[in-house]
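Asks: After the structure tokens below, expect a handful of questions from me.
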Amino acid sequence: MWTAVELRELRIFLALADELHFGRTAERLQISQPGVSQAIRSLEARIGARLFQRTSRRVSLTPAGDELRRSLIPALAALDRSLARASDHAASVAGPLRIAFTPTTDGPPLRRLLDAFQSRHPDCQVIPREADTWDPYASLRRDHADVLVNWLAVDEPDLTAGPVIALHDRVVAVARSHHLATRRSVLLEDLAGEQVSQPPQSLPAALGDAILPPRTPSGRSIRRVQISRSVLEITAHVAHGKIVHPTMTGIPVFARDDIVFVPIEDLAPLALGLIWSTARENTKIRALAEVARALGPSPVQRTHQTSVP
């Protein structure tokens, strides 16, 4: 009966659902391959459904197995958080804390947070880590960072979107010679006839669509073209009038005199905040989040002529 399911069986199930190979699963969990097989058979018997299709060549999830995997990931993550809180409740906030950021998310709001955190927790050593702009969550998933500072457009079941540290107004970056450069503001609808940069496939879809909306409110497409490999290339193409770039204010790394930033009236400010791996949440991460909540977001980064993408 399913009420007798053991936590160990569920963890083995998730590992096998990820690896789809009994040998690799056994190696990953440091148990025997027969132990993996026995646990899966026991789980299937308790649930009363086949979770995997096995052949001599491949292992795949059944529809019941896929449904269990999708519902089990957040449930076990919540359980892990509860166990972690119980385990380190009395622990002090000390030791290294690796904080990742991209070239577009470093700046005064992050420095304000880290100054306050270090003042409150002097025994915790903050270690800055640069994250890949186009694959920002990799640093968390590969355990290269404990917390990521990035735009809070997160639709990932294994990640937690934490508190906001700043709000940034939305603008479109255009060349000074562009026909929109003299406008006091634009609507997203005004971008329907323009070209923007195509984000690489490694950029999470929810994040890419939040920064570069694929269509206007009326459903008209905003054409994406594959001409930029980096954020610096994007600014160069904008300056030469090849593309326009919907972006945020208050990011000084890309300031240049040949680009104008026009406010986008109908896009709400985008939140900058903390993100972490749900399964690796710990005392130090919670302490950083607590400081961020106590500080509250930095004032909205307002639009002006020297704003940057």
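Asks: Among the residues of segment 22-32, is there at least one that is among the hydroxyl-bearing types (Ser, Thr, Tyr), modelled with pLDDT of 90 or more and under 28 Å from the mean Cα position of the chain (by Cα)?
Replies: Quick first cut of segment 22-32, residues among the hydroxyl-bearing types (Ser, Thr, Tyr) only: 25, 32.
Pick out the ones that are also modelled with pLDDT of 90 or more and you get 25, 32.
Applying the additional criterion that residues be under 28 Å from the mean Cα position of the chain (by Cα) yields 25.
The answer is yes; a qualifying residue exists.
Asks: Which residues, counting only those in segment 205-220, are surrounded by 16 or more Cβ atoms within 10 Å (Cβ to Cβ) and closer than 17 Å to residue 187 by Cα? Show your work before the answer.
Replies: From segment 205-220, those surrounded by 16 or more Cβ atoms within 10 Å (Cβ to Cβ) are 207-208, 210-213, 216; that's our starting set.
210, 211, 212, 213, 216 - these are the residues of segment 205-220 that are surrounded by 16 or more Cβ atoms within 10 Å (Cβ to Cβ) and closer than 17 Å to residue 187 by Cα.
Asks: In segment 185-204, which residues are closer than 17 Å to residue 259 by Cα and surrounded by 15 or more Cβ atoms within 10 Å (Cβ to Cβ)? Lay out the reasoning, then the answer.
Replies: The initial filter retains those residues of segment 185-204 that are closer than 17 Å to residue 259 by Cα, namely 185-186, 191, 194-197.
Scanning segment 185-204 gives 186, 191, 194, 195, 196, 197.
Matching residues to (1) out of contact with any His (no Cβ under 8 Å at 6 or more places or on another chain); (2) of a type in the set (Lys, Arg):
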site: 222; (1), (2): yes, no
site: 233; (1), (2): yes, no
site: 242; (1), (2): yes, yes
site: 246; (1), (2): yes, no
site: 260; (1), (2): no, no
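Asks: Mind listing whichever residues of segment 36-60 are aliphatic (A, V, I, L, M) and touching a helix residue (DSSP H, G or I) at 6+ places or on another chain (Cβ under 6 Å)?
Replies: 36, 39, 43, 47, 49, 51
Asks: Let me ask something else. Taking residue 175, is it more than 26 Å from residue 271 (Cβ to Cβ), in contact (Cβ under 8 Å) with a residue 40 or more places away in the chain and surrounded by 14 or more Cβ atoms within 10 Å (Cβ to Cβ)? Reasoning before the result, please.
Replies: Numbers: more than 26 Å from residue 271 (Cβ to Cβ): yes; in contact (Cβ under 8 Å) with a residue 40 or more places away in the chain: yes; surrounded by 14 or more Cβ atoms within 10 Å (Cβ to Cβ): yes.
Taking the combined requirement at face value, the residue satisfies it.
Asks: Looking only at segment 223-233, decide whether some residue is closer than 17 Å to residue 177 by Cα and surrounded by 15 or more Cβ atoms within 10 Å (Cβ to Cβ).
Replies: Going through segment 223-233, the residues closer than 17 Å to residue 177 by Cα turn out to be none.
No, because not a single residue in segment 223-233 is closer than 17 Å to residue 177 by Cα and surrounded by 15 or more Cβ atoms within 10 Å (Cβ to Cβ).
Asks: Any idea how many residues of segment 23-61 are surrounded by fewer than 16 Cβ atoms within 10 Å (Cβ to Cβ) and either at positive phi or in contact with a strand residue (DSSP E or B) (Cβ under 6 Å, 6 or more places away or on another chain) (or both)?
Replies: 4
Asks: On to the next question. Considering each of 186, 149, 196 in turn, give the residue that is touching a Ser or Thr at 6+ places or on another chain (Cβ under 8 Å) and of a type in the set (Val, Ile, Thr). Quick ask: steps written out before the conclusion?
Replies: Details: 186 fails: touching a Ser or Thr at 6+ places or on another chain (Cβ under 8 Å); 196 fails: touching a Ser or Thr at 6+ places or on another chain (Cβ under 8 Å).
That would be 149, the only listed residue that is touching a Ser or Thr at 6+ places or on another chain (Cβ under 8 Å) and of a type in the set (Val, Ile, Thr).
Asks: Taking interchain pairs and intrachain pairs at least six residues apart, which have beta carbon atoms under 8 angstrom, with the first residue in segment 38-67 and within 15 Å of residue 20 (Cα to Cα) and the second of a type in the set (Ser, Thr, Tyr)?
Replies: These pairs meet every condition: 50/62; 51/62; 52/60; 52/62; 53/60; 53/62.
Asks: When you go through 83, 68, 20 one by one, which is the residue that is closer than 21 Å to residue 4 by Cβ and surrounded by 13 or more Cβ atoms within 10 Å (Cβ to Cβ)? Let's see the steps before the verdict.
Replies: Working: 83 fails: surrounded by 13 or more Cβ atoms within 10 Å (Cβ to Cβ); 20 fails: closer than 21 Å to residue 4 by Cβ.
Exactly one of 83, 68, 20 is closer than 21 Å to residue 4 by Cβ and surrounded by 13 or more Cβ atoms within 10 Å (Cβ to Cβ), namely 68.
Asks: Do any strands (runs of 3 or more DSSP E) entirely within segment 243-293 hold 2 or more residues that are under 14 Å from residue 148 (Cα atoms), and if so, which?
Replies: Those strands (runs of 3 or more DSSP E) span 270-277.
Asks: Take residue 77 and decide whether it is surrounded by 14 or more Cβ atoms within 10 Å (Cβ to Cβ), closer than 16 Å to residue 158 by Cβ and at pLDDT below 90.
Replies: On the way: surrounded by 14 or more Cβ atoms within 10 Å (Cβ to Cβ): yes; closer than 16 Å to residue 158 by Cβ: yes; at pLDDT below 90: yes.
It is true that residue 77 is surrounded by 14 or more Cβ atoms within 10 Å (Cβ to Cβ), closer than 16 Å to residue 158 by Cβ and at pLDDT below 90.
Asks: Among (1) over 17 Å from the mean Cα position of the chain (by Cα); (2) within 20 Å of residue 250 (Cβ to Cβ), which single condition is residue 178 missing?
Replies: (2)
The values are calculated or read from the model by the stated rules, or taken from the named source; none is laboratory data. Worth saying up front: this structure is predicted, and the values here are computed from it rather than measured. Reconstructed Cβ throughout: ideal geometry from the backbone, glycine too, with neighbour counts over all protein chains shown.
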